[in-house]
Amino acid sequence: MGQKVNPSGFRLIIDKNKNSLWFEKISNYSLALKEDSLIRTFFHKRIKDKNIYKINLKRNISQKFIYITISTIIPKKSIESTIELKRFYIELKKILKRYTSIKLTFIKTTYPKLKPKLFLNFIEKQIKNRIAFYRITQQLLKQLPNKILKGIKIQIAGRLNGIEKARTQWYLIGQLPLHTLKANIKYFKKSIYTKFGVIGIKIWILKKIKINN
């Protein structure tokens, strides 16, 4: 019987880009973990979740510094114009009382349609507009940069197009070696709530070159 493994978790041992990087004493470990959760929840509420690709946290416990880097599809200037950064820092200091310095950086992510989470946001918007899944995938796949993309797989399950019986469909283009740890595969899954029920989507993306953002 085959075992299902999350491709991102499967590659943690060789993936150098950690979303959270810090070392804490055992007595304060649960507190640091709670702070991580509060920070991510805070940003997802203040900035639209669909615009955020990744939140990276880096701490220096001895010097009481914390570095927060947010990758979004929104340019940095537009974020600074819509959000009062001073008020932003004040609210963060209430959550992170034990830190003397907080550094916040916004980065505009490159190639948003090669990021599984952002790619699924595009699909979700089209599905809620009741556009056929086959048509959605054909349109999006034509827009992907072939010079960077090596392989992509999209799987969808549920009552597609409002049919009575649920079914599963998937599309695979190019190569996708799931058992190769060195393969730069990005994975994300999401549940979409529609009028006809819940539709689950999974996406795997393999890139030829490594993109940091």
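Results, tabulated for the structure shown:
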{"read-out": "Criterion (more than 14 Å from the chain's Cα centre (by Cα), assigned by TED's automatic domain parsing to the domain that holds Lys94 and closer than 25 Å to Ala183 by Cβ) met by exactly one of Leu38, Leu12", "value": "Leu12"}
{"read-out": "Unmet requirement for Lys142, which otherwise passes all of (1) modelled with pLDDT of 80 or more; (2) loosely packed, with under 14 Cβ neighbours inside 10 Å", "value": "(1)"}
{"read-out": "Filter pass, Lys189 being under 24 Å from Ile47 (Cβ atoms), modelled with pLDDT of 80 or more and in a loop (DSSP other than H, G, I, E, B)", "value": "no"}
{"read-out": "Pairs with Cβ under 9 Å, 6+ apart, first in region 87-103 and assigned to a helix (DSSP H, G or I), second charged (D, E, K, R)", "value": "Phe88/Arg46; Glu91/Arg46; Ile95/Glu35"}
{"read-out": "Residue that is closer than 27 Å to Ser71 by Cβ and part of a strand (DSSP E or B), where the choices are Lys150, Lys117", "value": "Lys150"}
{"read-out": "Count - residues of region 129-185 that are under 18 Å from Leu114 (Cβ atoms) and of a type in the set (S, T, N, Q)", "value": "8"}
{"read-out": "Positions within region 155-186 being out of contact with any strand residue (DSSP E or B) (no Cβ under 6 Å at 6 or more places or on another chain) and part of a strand (DSSP E or B), in sequence order", "value": "Arg167"}
{"read-out": "Number of positions in region 19-48 that are acidic (Asp, Glu) and outside any helix (DSSP H, G or I)", "value": "1"}
{"read-out": "Residues located in region 104-146, provided they are touching a residue at least 60 places away in the same chain (Cβ under 8 Å) and over 24 Å from Ser8 (Cβ atoms)", "value": "Lys128"}
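The values are calculated or read from the model by the stated rules, or taken from the named source; none is laboratory data. The shown structure was predicted, so the numbers you read here are calculated from the model rather than taken from an experiment. Methodologically, a virtual Cβ is constructed for each residue, glycine included, from the backbone with ideal geometry; neighbour enumeration extends over all protein chains shown.
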